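I have placed the structure first, in the form of structure tokens, so that the comments after it can refer back to it.
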Amino acid sequence: MGSRILVIEDDQDIRQLLTRFLCLKGYSVSVAINKAELQKQLHSVSIDLVLLDITLPEESGYELFEFLRQTTALPVIMVTALAETRDRIAGLDLGADDYIGKPFDLAELEARIRAVLRRSERPVLSSSALGEHLFGPWKFIPAKRALYGKSGIRVTLSSSETDLMLTLCQHPNVLLTRLQIIELIYDAKDAVEERTIDLLISRLRRKLAEGGRQLELIRTIRGDGYIFDLKGISS
């Protein structure tokens, strides 16, 4: 069987629709409607990706997302009827790998699933990427999706954050436009909106904060893009 998708959705009709569709596409499917069932699935089967509905009857989807981020590195696609821009931004800003609003086209949903799985499973081919990247007080290990600060505390990264961190490490002191970052991370210039890159940069900046103060590693070049600026620190 293919990758296993965990569908967290309280609407029975939608759960059944997604289960049938994804199974026909070759995926294995598990389902849950609350945190207790989510925990049971995480302990009983190997999950590759989570489709997470936000408007759940017990815990909110945002609460379950926080639990997933604290306990796993699983890629998460948020699925919800809350289709307004502020809701999409809130989900992406929390660290979701992608976001799709209801009603959605099943073919588009599967394309998003494939893209997120491809990013999370993408092999790292360069010898430098297989090892560690050291910059200032930080150590980045792509294979573990992890940043380590000078105190040795691990900061877990999502698959999108890992791809962004790796892209920046591979292009130090180089101006990258938002479009270039999209093409490097997603392998397609129209995969996501440029606003998504701004949110991703913002999340990574927060994770690179030391002692509540950010070292200006990722500089914004207004109107142009971003630079991973390592000139001012020792590597």
Identify all residues within segment 139-155 that are part of a strand (DSSP E or B) and of a type outside the set (A, V, I, L, M); write none if there are none. Lys139, Phe140, Tyr148, Arg154
Name the single residue, out of those in segment 172-197 being at pLDDT 90 or above and buried (at least 16 other Cβ atoms within 10 Å of the Cβ), that is nearest to Ser120 (Cα to Cα). Ile181
Take Leu215 and tell me if it is of a type in the set (A, V, I, L, M), within 17 Å of the chain's Cα centre (by Cα) and modelled with pLDDT under 85. no
When segment 109-150 is examined, which residues are found to be out of contact with any strand residue (DSSP E or B) (no Cβ under 9 Å at 6 or more places or on another chain), modelled with pLDDT of 75 or more and open to solvent by 50 Å² or more (accessible area, probe 1.4 Å)? Arg114, Arg118
Can you report the number of residues in segment 19-53 which are in a helix (DSSP H, G or I) and either without any contact (Cβ under 8 Å) to a residue 60 or more places away in the chain or open to solvent by 30 Å² or more (accessible area, probe 1.4 Å) (or both)? 15
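The values are calculated or read from the model by the stated rules, or taken from the named source; none is laboratory data. Just so it is clear, the structure is predicted and the values come from calculations on it, not from any experiment. Because the Cβ atoms are built from the backbone with ideal geometry, glycine has one as well, and the counts that use them run over all protein chains shown. Areas reflect the complete protein model, heavy atoms only, side chains present, ligands, DNA and RNA absent. Shrake-Rupley method; radii C 1.70, N 1.55, O 1.52, S 1.80 Å.
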